[in-house]
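Have a look at the structure below before the remarks.
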Amino acid sequence: MSDSSEIPADASISDKTNRLEEIIAQLEDGELSLERANELHTEGTRLLAELEKELDIGDGEIIEWTADESLESED
């Protein structure tokens, strides 16, 4: 994945996490123009929001689907 390209919204969680780590490393390096740093911040904020949405597990209740598709709740 190139350091200068945004990844699509339908990319995998792993791809998004890797890109976010690349962005953080670039921002921490400090060798960026203000404009590029702002672009990376915007992209990173978008990726973080997407990851939070994808990883939101609700109330934390574990739900198991059985073969007959009925729900059984585990505490």
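The values are calculated or read from the model by the stated rules, or taken from the named source; none is laboratory data. Note that the coordinates shown come from a computational prediction; the quantities given were computed from them, not determined experimentally. In this analysis, Cβ positions are derived from the backbone assuming ideal geometry, glycine residues included, and neighbour counts consider all displayed protein chains. Only protein heavy atoms, including side chains, enter the accessible area calculation; ligands, DNA and RNA are left aside. Shrake-Rupley method; radii C 1.70, N 1.55, O 1.52, S 1.80 Å.
Considering (1) of a type outside the set (Asp, Glu); (2) modelled with pLDDT of 90 or more; (3) surrounded by 14 or more Cβ atoms within 10 Å (Cβ to Cβ), say which one residue 41 fails and leave the rest.
Of the numbered conditions (1) of a type outside the set (Asp, Glu); (2) modelled with pLDDT of 90 or more; (3) surrounded by 14 or more Cβ atoms within 10 Å (Cβ to Cβ), the odd one out for residue 41 is (3).
Let me spell it out: the conditions are (1) open to solvent by 60 Å² or more (accessible area, probe 1.4 Å); (2) modelled with pLDDT under 75; (3) over 17 Å from the mean Cα position of the chain (by Cα), and residue 70 meets all of them except one. Which number is the exception?
The single condition residue 70 does not satisfy is (1).
Could you list all residues from segment 13-41 that are among the charged types (D, E, K, R), in a helix (DSSP H, G or I) and more than 24 Å from residue 53 (Cα to Cα)? It would help to see each step written out before you state the result.
In the first step, residues of segment 13-41 are kept if they are among the charged types (D, E, K, R); the result is 15-16, 19, 21-22, 28-29, 31, 35-36, 39.
If we keep only those that are in a helix (DSSP H, G or I) as well, we get 15-16, 19, 21-22, 28-29, 35-36, 39.
Passing the criteria: 28, 29, 35, 36.
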